[in-house]
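The values are calculated or read from the model by the stated rules, or taken from the named source; none is laboratory data. Only a predicted model underlies this, so the values are computations on that prediction, with no experimental measurement involved. Here the Cβ positions follow ideal geometry from the backbone for every residue, glycine too, while neighbour counts run over all protein chains shown.
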Amino acid sequence: MQRNHRTRNLVVALGLSVVLALGGGTYWALDRLVIEHVGISDVDEYEAANSSVTATTTDSGDAVTTGTGYESDDASIAISTVVTGSGDDTVTYYVADVTISDATVLKSAFAQNSFGENITETTSETAEDNGAVFAINGDYYGFRDTGIVIRNGVVYRDEGAREGLAFFLDGSVEVYDETTTDAAILLADGVWNTLSFGPAIVEDGEVVDGIDEAEVDTNVGNHSIQGEQPRTAVGVIDENHLVFVVVDGRSPGYSAGVTLPGLAEIMTGLGATTAYNLDGGGSSTMYFDGALVNDPLGKGTERGTSDILYIEG
């Protein structure tokens with residue numbers, strides 16, 4: 001792990017020497033989008049000192065894991081693969097139907113156990129670091145410096161900017177407008193985790209109008225979220241009953257990906273009354289029982305991301 005970090009730092013240093021010759025604007029882009037900025041270097045210690053909520057701890061001794069499922073006193077996870085269409089229109093996606101005993105069973109973790117900008121690890125690496133039996137990529141909070149970030153009952157950022165998703169301690173999950181509230185109010189209302197990406201694609205059991213034109217960010221380096229793409233989404237079926245979907249894409253004949261309306265239709269078909277779009281593209285990753293479930297880049301490899309949602313095994 002340490003050698004990989006040194007290699008990455010060497011690449012960044014070489015890149016920096018090039019862009020300094022090209023001008024300040026290019027350096028700003030590198031600094032903003034590539035260079036790590038660590039705000040909190042030990043998240044575990046920070047959460048232990050700041051959280052007022054005790055998370056449920058899964059007793060792996062009572063757990064039963066199979067190739068497509070997991071069962072413990074705290075969580076039930078069923079993994080399935082769905083293939084639709086044919087030829088270049090084939091779409092392959094993966095569904096995790098998850099029931100948890102308590103909202104705190106679903107946790108979040110940051111890459112390299114650090115909070116900041118441009119700090120990345122693969123979903124699998126972060127999952128393994130945290131003893132996860134199941135994980136998906138999160139909202140890639142580290143790509144931007146806005147958005148309310150509450151994780152495991154602790155505030156990390158309070159810069160409302162877009163439509164967020166809040167997981168409450170009572171097991172409910174709600175879409176909310178970050179710009180009309182703040183992190184202190186959310187904590188007081190019982191929020192355990194927030195996500196800041198979007199948009200919401202299903203509300204009240206119906207596909208949200210206008211998502212085929214939605215944007216998440218317009219900052220430098222951002223890519224369109226429209227068209228047929230790899231996707232990750234979380235849906236709510238009932239209190240403490242969630243469904244996670246990862247769609248592979250950009251691989252004709254295996255999986256073309258889906259549009260946001262197509263993703264919404266998948267979620268409603270699974271019974272979701274609320275569903276929210278997470279970071280997609282090469283970040284879209286599902287991990288279960290020590291291995292990748294999907295094929296994020298069409299090569300059996302993963303792209304680094306800044307955070308995950310996971311269930312401890």
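Do we have any residue at all in segment 171-184 that's more than 19 Å from Y310 (Cβ to Cβ), surrounded by fewer than 24 Cβ atoms within 10 Å (Cβ to Cβ), of a type in the set (A, V, I, L, M) and out of contact with any Phe, Trp or Tyr (no Cβ under 8 Å at 6 or more places or on another chain)? Explain how you work it out, then say what you get.
From segment 171-184, those more than 19 Å from Y310 (Cβ to Cβ) are 172, 174-184; that's our starting set.
Those left that are additionally surrounded by fewer than 24 Cβ atoms within 10 Å (Cβ to Cβ): 172, 174-184.
The next check asks that each one be of a type in the set (A, V, I, L, M); those that pass are 175, 183-184.
This time we only want the ones that are out of contact with any Phe, Trp or Tyr (no Cβ under 8 Å at 6 or more places or on another chain), so: 183-184.
Yes, there is a match, as at least one residue in segment 171-184 is more than 19 Å from Y310 (Cβ to Cβ), surrounded by fewer than 24 Cβ atoms within 10 Å (Cβ to Cβ), of a type in the set (A, V, I, L, M) and out of contact with any Phe, Trp or Tyr (no Cβ under 8 Å at 6 or more places or on another chain).
Just for segment 125-161: of the residues that are among the β-branched types (V, I, T) and over 16 Å from V43 (Cα atoms), which one is surrounded by the most Cβ atoms within 10 Å (Cβ to Cβ)? If you could, list the steps in order and put the result at the bottom.
Residues of segment 125-161 that are among the β-branched types (V, I, T), as a first pass: 126, 133, 136, 146, 148-150, 154-155.
Checking which are over 16 Å from V43 (Cα atoms) leaves us with 133, 136, 146, 148.
Numbers: V133: 21, I136: 29, T146: 15, I148: 26.
Filtering segment 125-161 for residues that are among the β-branched types (V, I, T) and over 16 Å from V43 (Cα atoms), the one surrounded by the most Cβ atoms within 10 Å (Cβ to Cβ) comes out as I136.
Checking the structure you have, find out if any residue of segment 178-196 is at positive phi, assigned by TED's automatic domain parsing to the domain that holds R157 and at pLDDT below 95. Walk me through it before giving the result.
Quick first cut of segment 178-196, residues at positive phi only: 190.
When the remaining residues are screened for being assigned by TED's automatic domain parsing to the domain that holds R157, the result is 190.
Narrowing the set further to residues that are at pLDDT below 95 leaves none.
Checked against the condition, which is being at positive phi, assigned by TED's automatic domain parsing to the domain that holds R157 and at pLDDT below 95, segment 178-196 yields no hits at all.
Exactly one condition in (1) outside any helix (DSSP H, G or I); (2) within 23 Å of F167 (Cα to Cα); (3) modelled with pLDDT of 95 or more is not met by L263; state its number.
The one condition L263 does not meet is (1).
Being touching a strand residue (DSSP E or B) at 6+ places or on another chain (Cβ under 7 Å) and either modelled with pLDDT under 95 or of a type in the set (V, I, T) (or both) is the filter here; which residues of segment 143-160 pass it?
At the first step, the residues of segment 143-160 found to be touching a strand residue (DSSP E or B) at 6+ places or on another chain (Cβ under 7 Å) are 145-153, 156-160.
If the condition is that a residue be touching a strand residue (DSSP E or B) at 6+ places or on another chain (Cβ under 7 Å) and either modelled with pLDDT under 95 or of a type in the set (V, I, T) (or both), then D145, T146, I148, V149, I150 are the ones that fit.
Which one of these is among the small types (G, A, S), under 30 Å from F143 (Cβ atoms) and touching a residue at least 60 places away in the same chain (Cβ under 8 Å): A75, A63?
Numbers: A63 fails: under 30 Å from F143 (Cβ atoms).
One residue alone meets the criteria, A75.
Of all residues in segment 147-174, how many are in contact (Cβ under 8 Å) with a residue 60 or more places away in the chain, of a type in the set (A, V, I, L, M, F, W, C) and in contact with an Asp or Glu (Cβ under 6 Å, 6 or more places away or on another chain)?
1
Of everything in segment 279-293 that's touching an Asp or Glu at 6+ places or on another chain (Cβ under 9 Å) and surrounded by fewer than 24 Cβ atoms within 10 Å (Cβ to Cβ), which residue is farthest from N137 (Cα to Cα)? Show your work before the answer.
At the first step, the residues of segment 279-293 found to be touching an Asp or Glu at 6+ places or on another chain (Cβ under 9 Å) are 279, 282-285, 287, 290, 292.
Narrowing further to those that are surrounded by fewer than 24 Cβ atoms within 10 Å (Cβ to Cβ): 282, 290, 292.
Details: G282: 10, G290: 15, L292: 12 Å.
Only one residue fits best here, namely G290.
Between a first residue in segment 117-138 that is more than 10 Å from F288 (Cα to Cα) and a second residue that is assigned to a helix (DSSP H, G or I) and small (G, A, S), which pairs have beta carbons less than 6 Å apart while being 6 or more apart in sequence or on different chains?
Close Cβ pairs satisfying both conditions: E117/G142; N118/G142; I119/A111; I119/G142; T120/A111; E121/A111; T126/A111; N137/S283.
Checking S251 against (1) modelled with pLDDT of 95 or more; (2) under 21 Å from T92 (Cα atoms), which single condition isn't satisfied?
Evaluating S251 over (1) modelled with pLDDT of 95 or more; (2) under 21 Å from T92 (Cα atoms) leaves (1) as the failure.
Does at least one position in segment 230-241 carry a residue that is surrounded by fewer than 22 Cβ atoms within 10 Å (Cβ to Cβ) and under 25 Å from S124 (Cα atoms)?
Checking segment 230-241: at least one residue is surrounded by fewer than 22 Cβ atoms within 10 Å (Cβ to Cβ) and under 25 Å from S124 (Cα atoms).
Please go through segment 77-89 and pick out each residue that is in contact with a strand residue (DSSP E or B) (Cβ under 8 Å, 6 or more places away or on another chain) and surrounded by fewer than 16 Cβ atoms within 10 Å (Cβ to Cβ). Give the derivation first.
Initially, segment 77-89 is screened for residues in contact with a strand residue (DSSP E or B) (Cβ under 8 Å, 6 or more places away or on another chain), giving 77-85.
Of everything in segment 77-89, those that are in contact with a strand residue (DSSP E or B) (Cβ under 8 Å, 6 or more places away or on another chain) and surrounded by fewer than 16 Cβ atoms within 10 Å (Cβ to Cβ) turn out to be A78, S80, T81, V82, V83, T84, G85.
Counting residues that are β-branched (V, I, T), which strands (runs of 3 or more DSSP E) fully inside segment 267-313 reach at least 2? So that I can check it myself, show each step before the final result.
Values: elements: 274-278, 286-288, 307-312.
Output list reads 307-312.
I'd like the residue in segment 204-229 that is surrounded by fewer than 17 Cβ atoms within 10 Å (Cβ to Cβ) and not in a loop (DSSP other than H, G, I, E, B) and, out of all such residues, is modelled with the lowest pLDDT.
If we take residues in segment 204-229 being surrounded by fewer than 17 Cβ atoms within 10 Å (Cβ to Cβ) and not in a loop (DSSP other than H, G, I, E, B), then E213 is modelled with the lowest pLDDT.
Quick one: in segment 126-143, which of the residues that are within 14 Å of the chain's Cα centre (by Cα) and not in a strand (DSSP E or B) is nearest to T56 (Cα to Cα)?
Applying the filter and picking the extreme gives A127.
Being over 22 Å from D295 (Cα atoms) and surrounded by fewer than 24 Cβ atoms within 10 Å (Cβ to Cβ) narrows it down to one residue among L187, L106, L195; which is it? Explain how you work it out, then say what you get.
On the way: L106 fails: surrounded by fewer than 24 Cβ atoms within 10 Å (Cβ to Cβ); L195 fails: surrounded by fewer than 24 Cβ atoms within 10 Å (Cβ to Cβ).
Answer to the check: L187.
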